[in-house]
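The values are calculated or read from the model by the stated rules, or taken from the named source; none is laboratory data. Just so it is clear, the model here is predicted, and its values are computed rather than measured. FYI the Cβ positions are ideal-geometry reconstructions off the backbone, even for glycines, and counts take in every protein chain you see. Surface areas here come from the heavy atoms of the whole protein model, side chains and all, with no ligands, DNA or RNA. Shrake-Rupley method; radii C 1.70, N 1.55, O 1.52, S 1.80 Å.
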Amino acid sequence: MPDAFPSLAELAAEEDELQFSSFSNDDAWTLGSALVTAARGAGAPVAVEIARNGHRLFSAALTGATPDNASWIERKSRVVHRFGHSSLYVRQASIERGTTFEAEFGLDPVRYAAHGGAFPLLVRDVGPVGVIAVSGLPQLADHRMLTGVLREHLRR
């Protein structure tokens with residue numbers, strides 16, 4: 001089922017797979033540009049952001065993206081920073097524990113959103129050093145666009 005949410009185990013495996021050996025400002029530009037190209041090709045009205053250690057390295061808003069997308073990126077990115085996992089992983093972890101993110105953690109929903117589309121910028125043998133985020137599509141599509149482009153980028 002292509003619209004089924006991945007399991008927590010699948011999301012953990014994805015995080016283990018999608019890691020960099022290092023990450024520079026040039027890497028952010030290349031990856032961000034690839035995300036923009038993919039979004040344009042799909043006609044996706046998304047915003048894209050890449051930040052390392054709180055420093056925004058790449059930001060773009062395609063035609064059709066709105067200021068709300070920037071807010072969603074901030075809220076999803078806060079989840080990644082707080083929990084060290086993708087925003088979809090954090091959402092799915094709560095669901096697999098029989099609850100919701102909102103009920104389990106009681107965090108301000110104006111500040112935190114455990115919805116797919118933000119992924120930790122992982123450097124192997126270092127850990128999370130930032131966040132890559134996409135907003136503008138349904139949460140599973142945001143996540144899949146981001147991880148698909150990230151996977152292709154890392155294969156090169």
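Annotations for the structure displayed:
- Of the helices (runs of 4 or more DSSP H) entirely within the stretch 49-156, those holding at least 2 residues that are closer than 26 Å to Phe20 by Cα, at pLDDT 95 or above and open to solvent by 70 Å² or more (accessible area, probe 1.4 Å) occupy 67-83, 139-155.
- Filter pass, Phe5 being under 18 Å from Ala113 (Cβ atoms) and part of a loop (DSSP other than H, G, I, E, B): yes
- The stretch 8-48, residues that are surrounded by fewer than 17 Cβ atoms within 10 Å (Cβ to Cβ) and either in a loop (DSSP other than H, G, I, E, B) or of a type in the set (S, T, N, Q) (or both): Ser21, Ser22, Ser24, Asn25, Thr30, Ser33, Thr37, Gly43, Pro45
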